[in-house]
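Please read through the structure below; I'll follow up with questions.
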Amino acid sequence: MSLRLIIAVLILANLISAIGVVHARYSHRQRFVELSRHEKARDELNIEFSRLQLEQATWAESNRIDQIARGRLGMKTPEPADIVVVRP
Amino acid sequence: MSWMTSLRDRWQRRNDRRGPTQRGRARFDLRGRLMLVTGALGVCALALVARAVDVQLVRSAFYQQQGDERFLRDVEIPTSRGMITDRNGEPLAVSTPVESIWANPQEVLKSPRRLPGLAAALGIDADQLTRKLTQRSDKEFVYLKRRMNPAEARRILALNIPGVFSQREYRRYYPQGEAIAHVLGFTNIDDSGQEGLELAFDEWLRGTAGMKRVIRDRRGRTVEEVDLVRAAEPGKNLTLTIDRRIQFLAYRELKRALLESGATSGSAVVIDVATGEVLAMANLPSFNPNAVSLGNRDAHRNRAVTDLIEPGSTMKPLTVAAALEAGVITPKTMFNTNPGWMPNGRYRTTDTHNYGVLDTTGVITKSSNVGAAKIVHMLPNAGFYDFLSRFGYGRSTGSGFPGENPGLLPKPARWSGTSKQTMSYGYGLSATPLQIAHAYATLGNGGRAIVPTFVKGEVGEPVQVLDERIAREVVRMMQTVTEPGGTATQAAILGYHVAGKTGTARKASNGGYSRRYFAFFAGLVPVDNPRFSMAVVIDDPDPARGYYGGVVSAPVFKNVMEGALRLMDVPPDDIDTWLAAQATADAKRNRQAGIVPAPVPVALKPAAALPVAPMPAALVEAIDALPAAGGAR
């Protein structure tokens, strides 16, 4: 009797763990898909960020700024005469 | 009901026929037959079990693998290369994704009608595409076009041609272009560093591509992502010590100097004296790192670390420092440079003019070869060699830049009769511009040598190679070079004391020296507490337009340093001359505006009577200009 009970319990446990394995695998896949999606989103954001940085750096290229400042905005480096020196 | 009747009839007929067979029943052994059938079935079952055991247990790995190979694929996850930024985080090299279109020829060739459309979208000839695919028809992978704009790639994929796929790759962009091309170097099509810091820090910058397992269908489309085998590790970012703004200044001023002097090439190096950080390193001719293949390979060289030049007169402060350290001279020692030349074996050491009797400072101020030669003869050979070696001549600076040249400093045993004397003023040994800037930085740092570095946060340990007092003394002597009477008044910066040394070295050619020159200027600023060390080398200026270091290279130093001092908020150490210059300028402006209607000589007086301690060139010019302005009125 007790042997039967043990076997029954074991079979039940086996069944439960089998279902558990299936469930674990299933949820693993779900999670992995989710992870992949988030990673993709992260990568896209990173890529966007680097693209924007590149764009900013391209706009801020020293030569370009130099030319615009001098040419279009009429800026210049102050002459020594334009600088007021104050004794500290 | 009729079909039931017929069925019954048939059944009855069969029973009728059974009569004779029932009689022979005893002849058949039913048990034996059953055993036979059971046995046969049992053997069959056993064979099935054996086969199952073989497939499932014994050779399961093989079959599993074979099965997986048909739909599971390990796919690489590409990752980007780290970004290179300047010391303030401004991007200097950025990787952005691009798409590469590839095809499986076997698939594509199955639908030949789609080929012309594909070729048109790729912008290549249809016949050429067909040929390319046919030639590789036994392969499963061929690149059609690499590194495309992602939007363009999406358009091609939208054509939905079977067997055409895209793959993400990364392309490197250098927003600063040619101004910093040599320091950064570049990468090849597979994104690995080829030159410069891209090569030196390739391991650091390069990411490790990840790996994921996916299920693919027969046509190669990903159905499901199953597992992550290895996470992708993006490359690490690298922060350089370079300051983008100073770098640009150095590049721009060098370019201007090259245009004005008609020189063929040039280098400029700026080092932060206290830390050994390289703040700028510019070279010309340069190349566009965004289109490397188009440029001239010769322009790829980072001349500031690879090219050897005889440092010429920039060696003199070191000769003097060596002699001061050995105690054979003092700042007050007098040298008779008459008659402006002295013999050196079969040759002569000559000065541009006969400077007569000079003190130690005077030797540097006037850049007297004879004076330097006289000083070096008081030194022992080994002592002089050791001193230069300590300052980094003849050995790599340890900056870690790929292809760095250690320079050439012959050992005393290999000196010819004339070597020592020529070395005292910078001939017979070679150094890179970086080495010169490094040696000067050591002088400016109170005799503490720090390995130059390109990477922020990697500051080397200072090594005391010269007594601090002597280093300060020599720097003060070098200050006279940029003051009136020196060889480089054009390097003077208003408000700051500048220590420097010009150099004009003849280029060696065919075993002799030609009438072509290197124009040098190396200097430190501000003198009181040097912040920057800068070396400028301009190669082969047109002698007709002036070739002296003080004329060609000193203005580059001045313009770059003026900007760098302002950018880095270095307080002026010579505010008095600045105030004086301002007072002069004010007086001039007031006079022009008619506020001071006094006669010209009166207006001039206060300006001339200003405290003119060490008067920089700009002030001299300002005062010189005064009478002219007054006269014009």
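The values are calculated or read from the model by the stated rules, or taken from the named source; none is laboratory data. Remember, it's a predicted structure, so these values are computed and weren't measured experimentally. Methodologically, a virtual Cβ is constructed for each residue, glycine included, from the backbone with ideal geometry; neighbour enumeration extends over all protein chains shown.
Which of the residues that make up the stretch B:125-152 are over 16 Å from B:S166 (Cβ atoms) and of a type outside the set (D, E)?
Selection gives B:A126, B:Q128, B:L129, B:T130, B:R131, B:K132, B:L133, B:T134, B:Q135, B:R136, B:S137, B:K139.
Now for a separate question. Would you check which residues across the stretch B:423-434 are in contact with a Pro (Cβ under 8 Å, 6 or more places away or on another chain) and either assigned to a helix (DSSP H, G or I) or of a type in the set (G, A, S) (or both) and list them?
Listed by number, the residues that qualify are B:G426, B:G428, B:S430, B:A431, B:L434.
Further, regarding this structure: How about the stretch B:112-204: which helices (runs of 4 or more DSSP H) wholly inside it have at least 2 residues that are more than 14 Å from chain A (Cβ to nearest Cβ) and of a type in the set (A, V, I, L, M, F, W, C)?
Of the helices (runs of 4 or more DSSP H) lying wholly inside the stretch B:112-204, those with at least 2 residues that are more than 14 Å from chain A (Cβ to nearest Cβ) and of a type in the set (A, V, I, L, M, F, W, C) span B:115-122, B:126-135, B:150-158, B:196-200.
May I pose another question? Are any residues in the stretch B:76-93 of a type outside the set (G, A, S), assigned to a strand (DSSP E or B) and crowded, with 16+ Cβ neighbours inside 10 Å, and if so, which ones?
Across the stretch B:76-93, the qualifying residues are B:I77, B:I84, B:T85, B:P91, B:L92.
Look through the stretch B:533-586, keep the residues that are among the charged types (D, E, K, R) and outside any helix (DSSP H, G or I), and return whichever of them is nearest to B:I246 (Cα to Cα).
Filtering the stretch B:533-586 for residues that are among the charged types (D, E, K, R) and outside any helix (DSSP H, G or I), the one nearest to B:I246 (Cα to Cα) comes out as B:D569.
For B:E483, are the conditions met, namely being charged (D, E, K, R) and closer than 30 Å to B:T584 by Cβ?
Taking the combined requirement at face value, the residue satisfies it.
OK, next. Within the stretch B:206-225, restricting attention to residues that are within 14 Å of chain A (Cβ to nearest Cβ) and touching a helix residue (DSSP H, G or I) at 6+ places or on another chain (Cβ under 7 Å), which residue is nearest to B:E69 (Cα to Cα)?
Among them, the one singled out is B:I215.
Considering each residue of the stretch B:331-354, count those that are in contact with a Gly (Cβ under 7 Å, 6 or more places away or on another chain) and either surrounded by fewer than 20 Cβ atoms within 10 Å (Cβ to Cβ) or in a loop (DSSP other than H, G, I, E, B) (or both), and give that number.
7
So if I check each of B:L228, B:L249, which one is more than 23 Å from B:P91 (Cα to Cα) and over 15 Å from the mean Cα position of the chain (by Cα)?
Answer to the check: B:L228.
May I pose another question? Do any residues in the stretch B:579-592 that are over 10 Å from A:V84 (Cα atoms) and at the interface with chain A (Cβ under 10 Å from one of its Cβ atoms) have Cβ atoms under 6 Å from those of residues that are surrounded by fewer than 17 Cβ atoms within 10 Å (Cβ to Cβ) and of a type in the set (A, V, I, L, M), where the two are at least six apart or on different chains, and which pairs are they?
Note: pairs meeting the criteria are B:A585/A:A81.
I'd like the full set of residues that are of a type in the set (F, W, Y) and outside any strand (DSSP E or B), limited to the stretch B:515-531.
none
Ok, one more. For the stretch B:239-279, what are the residues that are among the hydrophobic types (A, V, I, L, M, F, W, C) and in a loop (DSSP other than H, G, I, E, B)?
Across the stretch B:239-279, the qualifying residues are B:I242, B:A263, B:V273, B:A274.
I'm told B:D359 meets every condition in (1) among the acidic types (D, E); (2) farther than 24 Å from B:S389 by Cα; (3) touching a residue at least 40 places away in the same chain (Cβ under 8 Å) except one. Can you identify the failing condition by its number?
(3)
Please list, ordered by first then second residue, the pairs with beta carbon atoms under 6 Å, 6 or more apart or interchain, first in the stretch A:48-69 and within 10 Å of chain B (Cβ to nearest Cβ), second assigned to a helix (DSSP H, G or I).
Listed pairs, sorted by first residue: A:S62/B:F248.
Continuing with the same structure: Being within 9 Å of chain B (Cβ to nearest Cβ), polar (S, T, N, Q), surrounded by 10 or more Cβ atoms within 10 Å (Cβ to Cβ) and touching a strand residue (DSSP E or B) at 6+ places or on another chain (Cβ under 8 Å): is that true of A:S36 here?
So A:S36 fits the description; yes.
Which members of the stretch B:384-397 meet the condition of being modelled with pLDDT under 90 and surrounded by fewer than 16 Cβ atoms within 10 Å (Cβ to Cβ)?
Within the stretch B:384-397, just B:R395 meets the criteria.
Follow-up question, since we're still on this one. Which residues, taken from the stretch B:446-473, are under 18 Å from B:K316 (Cα atoms) and assigned to a loop (DSSP other than H, G, I, E, B)?
B:G446, B:G447, B:V465, B:L466, B:D467
Residues A:R37, A:R29, A:R25: which one is within 17 Å of the chain's Cα centre (by Cα) and either assigned to a helix (DSSP H, G or I) or over 18 Å from B:G563 (Cβ atoms) (or both)?
A:R37
Could I ask something else about it? In this structure, is B:T96 in contact with a Leu (Cβ under 7 Å, 6 or more places away or on another chain), within 25 Å of A:R37 (Cβ to Cβ) and either part of a strand (DSSP E or B) or of a type in the set (V, I, T) (or both)?
In short, yes.
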